[in-house]
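None of the figures in this text is laboratory data; all of them are computed from the coordinates on show. Note that this is a predicted model, so its numbers are computed, not measured. Cβ coordinates were reconstructed from backbone atoms using ideal geometry, including for glycine residues, and neighbour counts include every protein chain displayed.
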Amino acid sequence: MHKSVKTPLIAFAALLLFGGLLNFGVNAYIQLIVLFVIINSILAMSLNLVNGYTGQFSLGHAGFMAIGAYTSAYASTQFSFFSESFGFIGIFVTTITGGLLASAAGFLVGLPSLRLKGDYLAIVTLGFGEIIRVTLLNMEAVGGPRGISGIPSFPNFFFSFSYSCFWALICFFFIWRLIRSSHGRGFLSVREDEIAAEAMGINTTKTKVQAFVLSSFFAGVAGALFAHVTNFISPSSFTFLMSVNAVIMVVLGGMGSLSGSIAAAFFITLMPEALRSLQEITGVDLRMVIYSLLLILIMILRPQGLFGDKELPDIWRKYVRKSA
Amino acid sequence: MQDFVQHIINGISLGSIYALIALGYTMVYGIMKMINFAHADVYMVGAFTAYYVAKWTGLESSPGVSTLLLLLVSAMIICSVLGLLIERLAYRPLRKSPKLNVLITAIGVSLFLEFSGQVIFGADPKVFPEVMNQFVIANFGGLELKSSDVTVLGVSLIAMVILNFIIQKTKIGRAMRAVSSNASVASMLGVNTDRVISFTFIVGSSLAAIGSILVGMKYPKIDPLMGMMIGLKAFVAAVLGGIGSIPGAVAGALIMGLSEEMVVGYLSSTYRDALAFGILIVILIFKPTGLFGKYSVEKV
Amino acid sequence: MSVNLLEVKNMTMQFGGLKAVDSLSFSIPQGQLSGLIGPNGAGKTTVFNMLTGVYRPTQGEILLSGKNIVGMKPYEINHLGMARTFQNIRLFKNLSVLQNVLIATHQHISYGLFDTVFLSKKFQNQETEMHAKALSLLKIFHLENKAHEKASSLPYGEQRKLEIVRAMATDPILILLDEPAAGMNHAETHELMKTIARIRHDFNLSILLIEHDMKLVMGICENITVIDHGVKIDEGTPQKIQTSEKVIQAYLGVEA
């Protein structure tokens, strides 16, 4: 077996085993949360490509996710070919189409980013994200404010789990290897110093657009998964808050750390659930208040995020070396 | 023609409210080079302050100029304190951090105020008390000049004149201009940057408080998320005028207010909010420095 | 007669009402080590920024190997063979020393995203080759042992050297060095100058050097252009420059 597929396959096998356990061991509520963790991981890792590795501040990730979600949902509810035989091929085709349309939108958003930096870019991407949402809101073909309901589910939990893990692994290994190649180093150079990067022969314009296109592809995929897991989407599923959520995961995990993004996806998905019991005691829903307060505190106390730009193995090695 | 004049009047009145809020964005950006996302929520707190003060003191049953003044002053005080606290507790520790962190903190503060507002005030909209008696001052064959529009214009004009005086004629205003044009040189020359920043937050928050009461008079429905849209539009107005530029913010806000009224009047109100984003994106792509923005070359 | 490698004709840069560089002309023949000197604020770095495409000259022509490069993007100019260092050091601070150099070799790789993701032979071969090349360049400046350290952790002098290594990794024919010895002591400067002379020979490079320390430039440059307030005031061999009235006047009160 070629070594390029060996590690991903081993990882996939291990995850499948874990999925098998979850299939019988836990209730549907926990299963759903597990799926959200995986989807959020894809979202965070893909945004890390733009925000963490390329240093471009995007605040419109929910828009790309929405495009992927709507594409896949629309295709699988409208075309009888897909809904009748929503087998593996159908699912695969709609997911990829969702990703591709999202990356086309990423291309359009990437273009203005060539002239804008920092705060301005953040605001423009925020604007694009909102425009996508407002457009969906006014499109009767996709249900307008009512959204799309009755989106076909995956056959069972084990299928949903494996399929989501499949994409999460593709996303992880794609970005992991990209960053360790010359192309990926080009991304990093743009983050570090654009003027120096240009002077060293890096086409920074092309690099930035590439980052947006690749990142939004995976956001679109995450959106498609989201649509089929929840069976219902509407423009209010993809608000500014969703984009903020994605940014928070990237920053909390550490800009430029994939394992950090995954860890943060766990944390951010599980925290509101864990805080539910607090609501029972106090009687008011303080989850979002705590969530926003936490965000401020993290920025002040640990601005580099949990992992900084290190990956889990680096941190492990450092810890082992220190204790030895 | 009559419609057109009516739209102009409404547009200017709306624009002057945008201007009050836009000034807060632009001043903070000028001094600290950051987008204070929480500004819109300070504005929201201003509206709720006025609401509760009017309720508790019983002022809501006696509309008039003194009521207006009292509500203005109390909202300005509360908002200034809030602005100061935000700056002290959330932004000051990040003075030397990367821009991204500051921006996320600002978003965090904004979310914190919105969610806390929902917990404390409740998520349902409340009816803003009548601050002044509403009447039509003049009626030119269907064309109405309402007292609320005159009040809005009058109050915002007075606020802007005072602001202009502070910035142009006082010592602290001079310090503000110095920090805005070059913070490090200003601090080397003995300007106390922290004090200038605090003062900027006080002024910006006070203007937002004034804006919130004027909006309450015009559209008497307030809720904890009321700042989101208007804040965004005011921000677009500031960018349109050239962020950091005070006359720019006023000009941008008037353009925003007028064009919004025209879109609602002649096209459709569903495009009302899309317009702001549209203007923003066009401006940033073709003239990122805005109408009055300064041209700057990056040092290499 | 051979064509000059670099030919600058009436190059002008105007910022608002200020002419930072005014109708400057000079040329660099193939293989020459030239100097560009002038007092502080004379416009030397602005000249570099125009040559490398960071600024677009308001007027004039810049010919590299006979081709007009005005209006080209910095990376395109770099691909044509002109590389530079920065006076205020612009390394990729959070990346390793090796990564800094590898980034500069990006234009020489031909593997695509597909090769990257599937770790193809092409990918592996080219990566091995680029790593070897980067290390051998680092060796010239005795930085090979620090290949895996963060660029920002290097001492100042080594950061300047890394800037030169990085520029060389783009395989230039002409290299522009902006005050490479700034902040170095006498011994370090002396050694650096020897290394510069050596790489120029070994890699068949042409070099344009900015310095405002006159003595240093006199030591190694074959031809010197002197500018002040954006205008060329003299040009010639070190001997000629040393005795030039105008040059001495320009430097009076600024440098001994």
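Too long at a 21 Å Cα-Cα cut-off: which of B:Lys55/B:Lys221; B:Lys96/B:Lys233; A:Lys208/C:Lys67; A:Lys310/C:Lys161; B:Lys233/B:Lys287; A:Lys117/A:Lys206? Over 21 Å apart, Cα to Cα: B:Lys96/B:Lys233; A:Lys208/C:Lys67; A:Lys310/C:Lys161. Amide H contacts for B:Phe292 (H built 1.01 Å from N in the peptide plane; partners 5 or more residues away or on another chain; cut-off under 5 Å): B:Gly242. Size of chain B from its Cα atoms: along the principal axes, largest to smallest, the extents are 62, 44, 38 Å. Here is the P(r) of chain A: all C-alpha pair distances, binned every 10 Å from 0, give 6, 25, 35, 25, 8, 1, 0 in whole percents. Across all directions, the average projected area of the convex hull around the alpha carbons of chain C is 15.3 nm².
The dipole here belongs to region B:62-126: it is taken about the Cα centre, uses +1 on the Cβ of Lys and Arg and -1 on the Cβ of Asp and Glu, and is about 380 debye.
Mean partner shielding of peptide C:151-160, defined as the number of other chain Cβ atoms within 10 Å of each residue Cβ, is 0. Other residues whose C-beta falls under 14 angstrom from the C-beta of B:Gln168 contribute a net charge of +4, scoring Lys and Arg +1 and Asp and Glu -1. Shape of region B:1-129 from the C-alpha gyration tensor: oblate (a/c of 1.5 or more and a/b not above b/c, with a ≥ b ≥ c the square roots of its eigenvalues). Summary of the geometry: region B:1-59 and region B:223-281, compared by the centres of their Cα atoms, lie 12 Å apart. For region B:108-211, evaluate the Debye formula with one uniform point scatterer on each Cα (no solvent term) and list log10 I(q)/I(0) at q = 0.14, 0.15, 0.18 Å⁻¹, rounded to two decimals. Debye curve over Cα of region B:108-211, log10 I(q)/I(0) at q = 0.14, 0.15, 0.18 Å⁻¹: -0.84, -0.89, -0.98.
Can you bin region B:114-175 into rounded, prolate or oblate? Criterion: square roots of the alpha carbon gyration tensor eigenvalues sorted a ≥ b ≥ c, rounded for a/c under 1.5, prolate for a/b above b/c, oblate for the rest. Taking the square roots of the gyration eigenvalues as a ≥ b ≥ c, region B:114-175 is oblate. Ordering C:Val97, B:Ala253, B:Met32 by the projection of their Cα atoms onto the charge dipole of the protein assembly as shown, which places +1 on the Cβ of Lys and Arg and -1 on the Cβ of Asp and Glu, puts C:Val97 at the extreme positive end. Rounded to whole Å, the principal axis extents of the Cα atoms in region B:1-63 read 44, 43, 13, largest first. Stokes-Einstein diffusion of region C:93-137 at 25 °C, 0.890 mPa s viscosity, Kirkwood radius from Cα pairs, rounded to a whole number: 222 µm²/s. The B:Ser181 and B:Thr57 beta-carbon pair, evaluated with R₀ = 30 Å, returns a calculated FRET efficiency of approximately 0.10. With only the Cα atoms considered, region C:146-256 has a convex hull volume of 131 Å³ per residue. Could you compute the net charge surrounding C:Leu119? Neighbours are other residues with a C-beta less than 11 Å from the C-beta of C:Leu119; K and R count +1, D and E count -1. The answer is +4. Once you reduce region C:91-117 and region B:208-222 to the center of their Cα atoms, the two points are 55 Å from each other.
Region C:154-199 and region C:24-57 have Cα centres separated by 17 Å.
Out of every Cα-Cα pair that region A:219-324 contains, those further apart than 24 angstrom amount to 38 percent. When +1 charges are put on Lys and Arg Cβ atoms and -1 charges on Asp and Glu Cβ atoms, the dipole computed for the protein assembly as shown relative to its Cα centre reaches about 1260 debye.
In the protein assembly as shown, taking the dipole from charged Cβ atoms about the Cα centre, the farthest positive-side position among C:Leu177, A:Ser261, B:Leu72 is held by C:Leu177.
Pairwise Cα separations in region C:91-171 fall into 10 Å bins from 0 onward with the following percentages, short to long: 20, 49, 25, 6. Taking chain A as a Gaussian network of alpha-carbon nodes connected by springs under 10 Å, the highest mean-square fluctuation of the residues A:Val109, A:Val221, A:Val289 belongs to A:Val289. Each residue of region B:66-79 was assigned a 3J(HN,Hα) from its phi angle through the Karplus expression (A = 6.51, B = -1.76, C = 1.60, θ = phi - 60°), giving 5, 4, 4, 4, 4, 5, 4, 4, 5, 5, 5, 5, 4, 5 Hz with x at Gly and Pro. Taking amide hydrogens as placed 1.01 Å from N in the peptide plane, the amide H of C:Arg84 sits under 5 Å from those of C:Leu176, each at least 5 positions away in sequence or on another chain. For C:Lys44, a cut-off of 19 angstrom between C-alpha atoms picks up these lysines, skipping any fewer than 8 places away in its own chain: B:Lys299, C:Lys9, C:Lys19, C:Lys215, C:Lys232, C:Lys246.
Taking the square roots of 5 times each eigenvalue of the Cα gyration tensor of region A:1-157, largest first, gives ellipsoid semi-axes of 30, 24, 15 Å.
Taking amide H as placed 1.01 Å from N in the peptide plane, C:Ser23 has its amide H under 5 Å from the amide H of C:Thr12, C:Met13, each at least 5 places away in sequence or on another chain.
All other residues whose Cβ lies under 14 angstrom from that of B:Ala208 are scored, Lys and Arg at +1 and Asp and Glu at -1, for a net of -1. Gyration tensor analysis over the Cα atoms of region A:1-49 returns equivalent ellipsoid semi-axes of 24, 19, 4 Å (largest first, whole Å). Note on the protein assembly as shown: Rg/Rh from Cα positions, Kirkwood definition for Rh, rounded to two decimals, is 1.01.
Helix B:193-218 and the longest principal axis of the Cα set of chain B meet at an angle near 10°.
Here the Kirkwood formula puts the hydrodynamic radius of region A:125-236 at 16.7 Å, using every distinct Cα pair.
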